[in-house]
Amino acid sequence: MKKTHCAAIDLGATSGRVIVGAYTAESLELTEVHRFPNAFHRLNQHEYWDLGGFVSHIRKGLTEAKKLFPDLVSCGVDTWGVDYALLDKDGRLVTPVHAYRDARTEPLRDKLIASGDDKKLYEWTGLPLINYNTVIQLSESLAAFPHLREAVDRCLLLPDYFNYLLSGKMVNEVSIASTGQLLDLTTGGFSQETLDYFGIPQKWFQGPAKAGMSLGKVRDLTGLEDIDVILAPGHDTSCAFEAIPRIGNDLFVSAGTWLLAGGLTAQSASGDVAYELGVSNERDGQGGYRPNKILLGLWLLEKVLPYFSGKPTNDAEWAALIERADDVGRAEILIDTVDRSLFNPENMKEAIDANLAHQGGKPPADLPGYVSLICDSLGASVANTVDKFCTLTGEVFDNIIVVGGGSKNRLLCQRIADFAGIPVTSYKLEGTTVGNIGYQLLGLGVIDSLDEFRQVVARDIAKHSYRPIS
């Protein structure tokens, strides 16, 4: 049976990958051809991304993919949300690219919340006011550098920018645009009210475009000129949610650096209750609603590990650490995961210890203790979100589906089940990659719908069920 080969360029906030999917009407096989670490860098008290490094790795990954799979037909890009590149009329970068964890926007966010205007912005966009939202970042940059209004011709969020470098075509894709508080809650277009409020030029944006369209052939890369660049959902979480085969009345959790809990719905989750709960009405690749709650995730674990010797470096060592953490008793006091000091601290261990001390708690004795504490705290955070979504929607969820890197962490999955009091199903599914590839196949005309694609994916998917333990 003929195979169609597509390359998913999946750029996460802490690592990046190029993975090739070989699809037939009966199966999807994935091969990772390139993986690389990723991090932002501090320059004079501000955080920036190394875009040249990203591009170098994208080229290396695609070249290796073509070498291993000569009949590779397409590629698509997804990244984390909100960050962007500002370009002049010739497509040249006007400024360095800030990373979303830069603290430069916090004073503006606090001022807007104090004024009460955050609620007005929520009514317009359906997104809560968070310091890293694209509109907040753009507003800070325009205040610091007013000449940007004249110098800048287009604003492309990062997956859109990488698509432009690959294809030469500038497109604002809908799912990634929705992460930044840029879109109108009702129409799905760019919110004129919001752009006017922040003084952001409307001309910087076009569309937004739905995922699944062809942007043309790869340019300027020898040997790759016959590869189509397909517009995948630019936001990695949208890719992940849209790849998930359904079981029942499911709530989805994409577990990685962040935990994103939510679903795909026909209607937005709006109004006073949604505002109070902080529900983010983002969009899927076709522009449909994808309400979710953004929670602090495995960033806690990633950033606490460097402060311990003997940190795990392979699957066997990770399994041993999780086993030891499972033997640690439940902490009486959990991490307050909405504490802003945990967003990007200089020392995560000290920040967690201070968080606990503020509540009258004591720090764990060792690394297994921190792992146990973090899994408990994240489990409780997800459980609280499940309760909030039940209140908001009036629905009763009978299952939580976990995908992403965190789905491999059996302790995290078990603790989510324990705190939520309902079963958890973890999919051994490269959700982001699979969703990216699904949209490429849709754009190529290989499949007629994502439902058809999900049915194929579900046949071979490895999954594990966790029942609540009281």
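In the set (1) surrounded by fewer than 24 Cβ atoms within 10 Å (Cβ to Cβ); (2) outside the structural domain of residue 362 (by TED's automatic domain parsing); (3) modelled with pLDDT under 95, residue 240 fails one condition alone, (1). Of the helices (runs of 4 or more DSSP H) contained entirely in segment 124-183, those carrying at least 1 residues that are more than 25 Å from residue 213 (Cβ to Cβ) fall at 134-144, 148-151. Taking segment 58-84 as the range and being out of contact with any Lys or Arg (no Cβ under 9 Å at 6 or more places or on another chain), part of a helix (DSSP H, G or I) and not charged (D, E, K, R) as the test, the residues that pass are 58, 62, 63, 65, 68.
Residues that are without any contact (Cβ under 8 Å) to a residue 60 or more places away in the chain and out of contact with any His (no Cβ under 9 Å at 6 or more places or on another chain) number at least 1 in the following helices (runs of 4 or more DSSP H) confined to segment 367-469: 367-393, 410-420, 450-460. For first residues located in segment 180-198 and under 15 Å from residue 156 (Cα atoms) and without any contact (Cβ under 8 Å) to a residue 60 or more places away in the chain, partners that are among the small types (Gly, Ala, Ser) and assigned to a helix (DSSP H, G or I) and lie 6+ apart or on another chain with Cβ distances below 8 Å form the pairs 190/177. Scanning segment 64-105 for residues being farther than 21 Å from residue 39 by Cα and not β-branched (Val, Ile, Thr) gives a total of 18. Residues that are in contact (Cβ under 8 Å) with a residue 40 or more places away in the chain and either surrounded by 18 or more Cβ atoms within 10 Å (Cβ to Cβ) or assigned to a strand (DSSP E or B) (or both) within segment 17-40 comprise 17, 18, 19, 20, 21, 22, 23, 28, 30, 40, listed in sequence order.
The values are calculated or read from the model by the stated rules, or taken from the named source; none is laboratory data. Model, not experiment: these values are computed from the prediction. A quick note on method: Cβ atoms are made from the backbone with ideal geometry, for glycine too, and the neighbour counts reach across all protein chains shown.
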